[in-house]
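First the structure, in the form of structure tokens, and then the observations on it.
The values are calculated or read from the model by the stated rules, or taken from the named source; none is laboratory data. All values derive from a computational prediction rather than experimental measurement. Here the Cβ is made from the backbone with ideal geometry for all residues, glycine too, and neighbour counts use every protein chain on show. Ligands, DNA and RNA are excluded from the accessible area calculation, which covers all protein heavy atoms including side chains. Shrake-Rupley method; radii C 1.70, N 1.55, O 1.52, S 1.80 Å.
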Amino acid sequence: ANIRRYTLATGHKAWIHRLAAPAFVCAFADLEAWIAKHSSWAPGVVQSLCFRHIRWDPKRALSNHSRGAALDIDPDTNAARTEGEIPEEAGSILEAWGIHWGRRWVSYLDPMHFEYAQK
């Protein structure tokens, strides 16, 4: 009941936990405004809810995708363990809303991955 479908400013629909939704909805509104003024880049695919373990490993905890607290942007061009193609400015916009970017992780780069972490 806490995971609902939201339409983001980019036009993508995503299943997001109601507590994470304000951050994602506002971040994508800011992202869309930045794209309109400054960039030819735009997210082609946004994937959200997926019931699975971290890195598909059943020995690990459930992924934040299982809780509606994570989104992947363009997984085909932003593969794990690469720098990916998402512009730095785009990632920073989402980070300003308290959304962690997997491209910043030291132990495992995951540039497609954005997750909300409640403070």
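Scanning the stretch 9-25 for residues that are buried (at least 17 other Cβ atoms within 10 Å of the Cβ), over 20 Å from residue 88 (Cα atoms) and in contact (Cβ under 8 Å) with a residue 24 or more places away in the chain gives 12, 14, 16, 17, 20. Scanning the stretch 46-96 for residues that are surrounded by fewer than 16 Cβ atoms within 10 Å (Cβ to Cβ) and acidic (Asp, Glu), we see that the one that is farthest from the chain's Cα centre (by Cα) is 57.
Within the stretch 26-42, one or more residues are among the β-branched types (Val, Ile, Thr), surrounded by 12 or more Cβ atoms within 10 Å (Cβ to Cβ), out of contact with any His (no Cβ under 6 Å at 6 or more places or on another chain) and more than 20 Å from residue 118 (Cβ to Cβ).
Take the stretch 97-114 and flag every residue that is within 22 Å of residue 9 (Cβ to Cβ) and either open to solvent by less than 40 Å² (accessible area, probe 1.4 Å) or among the small types (Gly, Ala, Ser) (or both). Step through it out loud before you land on a result.
If we filter the stretch 97-114 for residues that are within 22 Å of residue 9 (Cβ to Cβ), which is where we start, we get 97-103, 111-114.
Scanning the stretch 97-114 gives 98, 99, 101, 102, 111, 112, 113, 114.
Test of understanding: among 92, 48, which residue is without any contact (Cβ under 8 Å) to a residue 60 or more places away in the chain and in contact with a strand residue (DSSP E or B) (Cβ under 6 Å, 6 or more places away or on another chain)?
Only one candidate qualifies: 48.
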